[in-house]
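To keep things clear, I will list the structure first and then write my remarks on it.
Each value in this text was obtained by applying a stated rule to the coordinates, not by laboratory testing. In this text, all values refer to a predicted model and were calculated from it rather than measured experimentally. No Cβ is skipped: glycine too gets one built from the backbone with ideal geometry, and neighbour counts run over all protein chains shown.
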Amino acid sequence: MKLSLTRRYMFPASHRLFRSDWSEEVNRRIFGKCANPHGHGHNYAVEITVTGAVDPATGMIVNLAELDAFVQARVLDEFDHANLNEQVPEFRDCIPTTENLCRVIFERLRGLERGRIERVRIEETAKNSFEYVAERAPARESAPYEFQEEHT
Ligand code: NI
């Protein structure tokens with residue numbers, strides 16, 4: 001059995017899609033209006049899916065208040081109302097497409113205490129959505145079984 005929960009967060013931010021090592025013309029051809037020098041904004045909707053064992057004490061995979069605080073500290077504090085190109089360090093040398101935004105958010109959410117981030121899905125516009133799905137965890141080698149002579 002596999003259980004998951006998905007929580008949705010919204011934040012507005014601006015970005016510009018361009019490469020400084022390409023000419024204006026090439027940028028324009030590849031990225032179209034998204035290469036406009038002054039950028040443009042989106043209201044991003046980010047869905048975070050967490051899987052894991054249900055804590056028998058609480059009946060929850062992860063406490064939503066804890067998840068909210070974690071996402072706030074790791075992502076929203078910096079991304080909300082930001083210019084992604086200029087204010088988020090990961091995008092200094094990386095184009096802030098929503099594909100890359102999914103990956104960066106996924107990476108920032110590593111280390112959640114309970115549960116495992118399984119998927120980051122972002123709606124950029126009413127027409128576009130993107131998602132990053134975690135690689136399967138490598139199978140653990142089973143620990144060698146040790147016989148014990150005596151029970152204690
Ligand atoms: Ni855009």
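Numbers at a glance
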read-out	value
Evaluation of residue 57 against (1) on the phi > 0 side of the Ramachandran plot; (2) not in a helix (DSSP H, G or I) (one fails), failing number	(1)
Of the criteria (1) surrounded by 15 or more Cβ atoms within 10 Å (Cβ to Cβ); (2) not in a loop (DSSP other than H, G, I, E, B), which one residue 41 fails	(1)
In the range 53-68, the residues that are farther than 29 Å from residue 128 by Cβ and not polar (S, T, N, Q)	53, 54, 55, 56, 57, 59, 60, 65, 66
All positions within the range 1-38 that are under 20 Å from residue 107 (Cβ atoms), in contact with an Asp or Glu (Cβ under 9 Å, 6 or more places away or on another chain) and crowded, with 18+ Cβ neighbours inside 10 Å	9, 13
Test: residue in the range 57-78 that is small (Gly, Ala, Ser), free of Cβ contacts under 8 Å to residues at least 24 places away in the same chain and within 13 Å of the ligand (Cβ to nearest atom)	no
Any hit, the range 45-55, residues being more than 21 Å from residue 116 (Cα to Cα), within 15 Å of the ligand (Cβ to nearest atom) and either among the aromatic types (Phe, Trp, Tyr) or within 14 Å of the chain's Cα centre (by Cα) (or both)	no
Residue within the range 107-116 that is within 29 Å of residue 15 (Cα to Cα) and in a helix (DSSP H, G or I) present	yes
The one condition in (1) within 14 Å of the ligand (Cβ to nearest atom); (2) more than 20 Å from residue 130 (Cα to Cα) that residue 85 fails to fulfil	(2)
Test: residue in the range 32-42 that is more than 16 Å from the ligand (Cβ to nearest atom) and out of contact with any Leu (no Cβ under 9 Å at 6 or more places or on another chain)	no
